[in-house]
Amino acid sequence: MDNITSSGRSKCHGLTKLKRYGINKQSLLHAYRSNILPTVQYAAPAWFNFTSNKCRKDLEGVQRLALKIIYPELDSYNERLQAASIETIVDDLEIKCAMYCQKKKHLHQNIIPAPEPVRNTLRKNCNNVKIMKYRTAKAGNSLFIKYGQCM
């Protein structure tokens, strides 16, 4: 996470250079969306649900910095988000993770064969309840557990 946020912050330096050359706000916003945002969001379904609140704040800090460079005249982060017509990174990544899981679920629903029924003699003290145990709370909060079993 430190590498992702530091890479995003260093790319924000490029926005300041472009702004010094007199590039308009729409072009700066396009540069942010095409260069910095993909760096921060790369492979998010694999790691986003395992991040801590501190890491999520750091990710949001990259977007705060970029929008502050693009819209210095606006006072609050929410005003800058509305002016750029984008969402917070955390909200955007949660939506992308949910969409990814739904897409994977749809792609694999006809490929994976249905499980064969288990005979009653093999079920010992099961009572048709599937209990999943996880070593850590983060494992129980993974993408596939949070948004439904995908595969």
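The table below gives the values:
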item	result
Residue match in the stretch 70-83 (condition: free of Cβ contacts under 8 Å to residues at least 12 places away in the same chain, surrounded by 14 or more Cβ atoms within 10 Å (Cβ to Cβ) and in contact with a helix residue (DSSP H, G or I) (Cβ under 6 Å, 6 or more places away or on another chain))	yes
Any hit, the stretch 22-31, residues being within 23 Å of residue 98 (Cβ to Cβ), of a type in the set (Ser, Thr, Tyr) and modelled with pLDDT of 90 or more	no
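The values are calculated or read from the model by the stated rules, or taken from the named source; none is laboratory data. Bear in mind that the values here come from a model prediction, so they are computed numbers and not experimental data. Ideal geometry is used to build each Cβ from the backbone, glycine not excepted, and the neighbour counts take in all protein chains shown.
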